[in-house]
Every structure is written in structure tokens, then in C-alpha cells.
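Comments concern the structure below.
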Amino acid sequence: MHNQTLILIQCQDAVGLDVNISNTLAKYQLNIVTMREYVDEEDNKFF
């Protein structure tokens, strides 16, 4: 049986967020099973 954790991130949008998030999780040997993202272009927010 595998443990699963939900991580929610909200921050200013920026180039490279996906890769930075992925690299940080990989550094701790964590795997991304599903990833959804949304950018509010009006407020420049990444969710």
C-alpha cells in the first residue's frame, strides 16, 4: 500500500515553477502521481 499526500501550492506565477516543484519533490524521492495547475493571468497567480 502506498501513502499519498495532497500538496496545494499558491504563489505568484513565474517561469519554471513546474520544474522547480518537480525537482524539489524528486530531491526527497517523492513522486507526482497527478498534477493540475491553473494560472490566473489577471492576478498573476499560480495554483
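Every number here is computed from the coordinates shown, using simple stated rules; none is lab data. Since this is a predicted model, take the numbers as computed values, not measurements. Backbone-built Cβ (ideal geometry, glycine too); neighbour counts: all protein chains shown.
Here the spin labels are modelled as points 7 Å beyond Cα on the Cα-Cβ line, and at GLN12 and THR34 they lie 3.1 nm apart. Each stretch of four or more DSSP H residues adds -39500 (n - 2.57); spread over every residue of the chain, this sum gives -7000 deg cm²/dmol at 222 nm. For ASN20 and THR5, the difference between the fully extended length at 0.36 nm per residue and the C-alpha to C-alpha distance is 3.6 nm. May I ask for the percentage of alpha-carbon pairs in the chain that lie more than 14 Å from each other? The proportion of pairs with Cα distances above 14 Å equals 55 percent. For the chain, the set of trypsin sites (Lys or Arg not before Pro) satisfying both a DSSP loop assignment and a count of at most 13 other C-beta atoms within 10 Å is given as ARG36.
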